[in-house]
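*Asks:* I have a structure I would like to understand better, so I am pasting it below and will then ask my questions one at a time.
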Amino acid sequence: GEEYQVVRLDEPITSTVGSAPTTTCEPLELTSVLLDPDPSVDYFDLDPIAIQTEVDVRPHKVEMLDLDLPAYIDATTALLAARGVALPLINIEQVIRTDLEGDGTDEVIVAASTIDPGDVFAAGVGDYTLVYLRKVVQGEVQTAILVDEIITSLDELPFGAVRYRVSAVADLNGDGKMEIVLSSETWEGASVEAWEYVNDDLGPVQVHTCGCGV
């Protein structure tokens, strides 16, 4: 019966009312789910974030930019090369511009990945999931890494690869500043984590995480 604001990355904010908890659930027909999945259901849709608050959860503009901007292609290439990925396939999935703190200086958040969320066991050496933030600090562009999962050996993947993306940018605690919410998925596992931009010295810091699965 409690009301929540529901935030997606680049869609209007909506509201919903929580339902009463249940003690039982209908049994799953696993064979049907695995062999004949419903194409209308996105089994990896981790984007909605529900926040129980009456304050404005998006006090600053969040803008999705083009994925083929040379500055971010070059930055992604350089970050991957520095991590040993030779001639990487650049697959930028999100470029988000916003002013997290409302201080008049925009940050840009970039998410790139070559991991297929529908088949995390198909990932191989050289595949990656990368999320980073760029901001101009004292006239220079600074880069802060939130996630840099690079596959260097298939022995690292007993439960498949992990893929990250930005789920939302929102004020989660009512302080007027917005946090970055990341979601991840892997085989029989998922998580959500929140990152807060503390200051120009510390940059983004993980302040909350939760998940389940392997």
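*Asks:* Tell me which residues, restricted to segment 165-179, are in contact with an Asp or Glu (Cβ under 8 Å, 6 or more places away or on another chain) and either of a type in the set (S, T, N, Q) or open to solvent by less than 30 Å² (accessible area, probe 1.4 Å) (or both).
*Replies:* Ser167, Ala168, Val169, Ala170, Asp171, Asn173, Met178, Glu179 - these are the residues of segment 165-179 that are in contact with an Asp or Glu (Cβ under 8 Å, 6 or more places away or on another chain) and either of a type in the set (S, T, N, Q) or open to solvent by less than 30 Å² (accessible area, probe 1.4 Å) (or both).
*Asks:* Can you tell me which residue in segment 66-89 is nearest to Lys135 (Cα to Cα), limited to those that are of a type in the set (A, V, I, L, M, F, W, C) and surrounded by fewer than 15 Cβ atoms within 10 Å (Cβ to Cβ)?
*Replies:* In this case the residue turns out to be Ala71.
*Asks:* Out of Ser167, Ser113, Ser184, which single residue is at pLDDT below 90 and in contact with a Lys or Arg (Cβ under 9 Å, 6 or more places away or on another chain)?
*Replies:* None of the others qualify; the one that does is Ser184.
*Asks:* Contact list please: Cβ distance under 8 Å, first residue in segment 80-95 and closer than 15 Å to Val147 by Cβ and at pLDDT below 90, second residue assigned to a loop (DSSP other than H, G, I, E, B) and not aliphatic (A, V, I, L, M), pairs at least six apart or on different chains.
*Replies:* Qualifying pairs under 8 Å: Val85/Gly126.
*Asks:* If you go through segment 186-199, how many residues are in contact (Cβ under 8 Å) with a residue 24 or more places away in the chain and open to solvent by less than 80 Å² (accessible area, probe 1.4 Å)?
*Replies:* Within segment 186-199, residues that are in contact (Cβ under 8 Å) with a residue 24 or more places away in the chain and open to solvent by less than 80 Å² (accessible area, probe 1.4 Å) number 6.
*Asks:* Residue check, Ala122 against (1) over 14 Å from Ala161 (Cβ atoms); (2) open to solvent by 60 Å² or more (accessible area, probe 1.4 Å); (3) among the aliphatic types (A, V, I, L, M); (4) in contact with an Asp or Glu (Cβ under 8 Å, 6 or more places away or on another chain), all met but one. Which one?
*Replies:* So the condition that Ala122 fails would be (1).
The values are calculated or read from the model by the stated rules, or taken from the named source; none is laboratory data. What you are looking at is a predicted structure, and each value in this text was computed from that prediction instead of being measured. In this analysis, Cβ positions are derived from the backbone assuming ideal geometry, glycine residues included, and neighbour counts consider all displayed protein chains. Note: accessible area is taken over every heavy atom of the protein model, side chains too, but ligands, DNA and RNA are not part of it. Shrake-Rupley method; radii C 1.70, N 1.55, O 1.52, S 1.80 Å.
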